[in-house]
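The values are calculated or read from the model by the stated rules, or taken from the named source; none is laboratory data. A quick note: this is a predicted structure, and the numbers were derived from the prediction, not measured. Quick reminder, even Gly has a Cβ in these numbers, built from the backbone with ideal geometry, and neighbours come from all protein chains shown. Just so you know, the surface numbers come from the protein's heavy atoms only, side chains and all, with ligands and any DNA or RNA stripped out. Shrake-Rupley method; radii C 1.70, N 1.55, O 1.52, S 1.80 Å.
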Amino acid sequence: MHHEYTAITRFADLDTQRHVTSRTYEQFALEGRYQVLAKLGYNQERIQNEQIYLEAMRGYSKFHRQQFPGVQLKVDTFAAAHGGEGVIHWDQKIKDQAGELVCHLQLETRTTRAGEPLALDGIEKAANFEILYDDLKPWSGNNERVVSYYTMPYSDRDFAGRYNVASLWRIFEEGRWMFAEKTGLTYDRIVEMDTTSFYMGSIANFFAEVPAGRTLQIMTWIERVDKIRYYFRQDVLLNGKLMLAMRDEQLIVSLSKARPQRASAMFMSFMGKFVEFPT
């Protein structure tokens, strides 16, 4: 099943890099998913009355073109029944007015009604679609990790009193910033190494519902460095239980030349103890 609508970016969507933050695209995608449900007869009132919810299981994101405020974007949503009862594969492409791909998102969700699996009428199985998300491997124990803590804000919960995917992405964003702070990756150090990086996309696994107001433990490290890219890994735990995991792709860029470059010897020396699988 396909559905398309138009979303408009706002000045408030800009991040510290002065372009539209990744969470904005996921919020656009979430709206697309619920618009599909509305077309199938599951409007807001029915969703709330019957306690219908899309529980995230695994996800993929890839960011292709930076965007700025006031841009009209087309959000194209494809949905197919997949796997067990109530499981849906969502493939969503966000494009600019010229039809160029801005962001590609995939999400695997389990539909529930009052906590029980629900197969939605109207979403059929489809063949030959490519699945880009995957199961992330457990940490090997080969390297050091940075330990950070993040308390879930009550005010980030959605209509069902739960955290949607964009709110869960925020945990990983905070984890990356805290990794930089705790490793001493300051602006002066970035200038010294002539190395920065850009977040290009990720794979995420969602294992359990995150409760409100609780303090989570975030374990952050670098899985590997591959030429002009390195891959962050993060595990999010509550009382020792794995709740979420993410691997994100970072493009290594020369600060002075503003173009991709291989990881320098200085960068590898600085980050080496946090790399799980050195090359």
Query raised in the report: Within the range 78-120, which residues are over 24 Å from G41 (Cα atoms), buried (at least 18 other Cβ atoms within 10 Å of the Cβ) and without any contact (Cβ under 8 Å) to a residue 40 or more places away in the chain?
Result: K95
Report summary line: Selection over the range 222-256 where residues are touching a residue at least 40 places away in the same chain (Cβ under 8 Å) and either within 12 Å of F172 (Cα to Cα) or outside any strand (DSSP E or B) (or both) yields a count of 12
Requested in this report: Could you figure out which of (1) open to solvent by less than 60 Å² (accessible area, probe 1.4 Å); (2) more than 24 Å from G141 (Cα to Cα); (3) of a type in the set (A, V, I, L, M, F, W, C) isn't true of L255?
Outcome: (1)
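For the range 11-69, name all the residues that are basic (K, R) and either out of contact with any Gly (no Cβ under 8 Å at 6 or more places or on another chain) or assigned to a helix (DSSP H, G or I) (or both).
R18, R23, R33, K39, R46, R58, R65
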Requested in this report: Look through the range 206-221, keep the residues that are of a type in the set (A, V, I, L, M), in a strand (DSSP E or B) and within 17 Å of the chain's Cα centre (by Cα), and return whichever of them is nearest to S140 (Cα to Cα).
Outcome: M219
**Report entry** Criterion: outside any helix (DSSP H, G or I), under 30 Å from Y42 (Cα atoms), more than 23 Å from the chain's Cα centre (by Cα) and not hydroxyl-bearing (S, T, Y) - qualifying residue of I203, I123, I131
**Finding:** I123
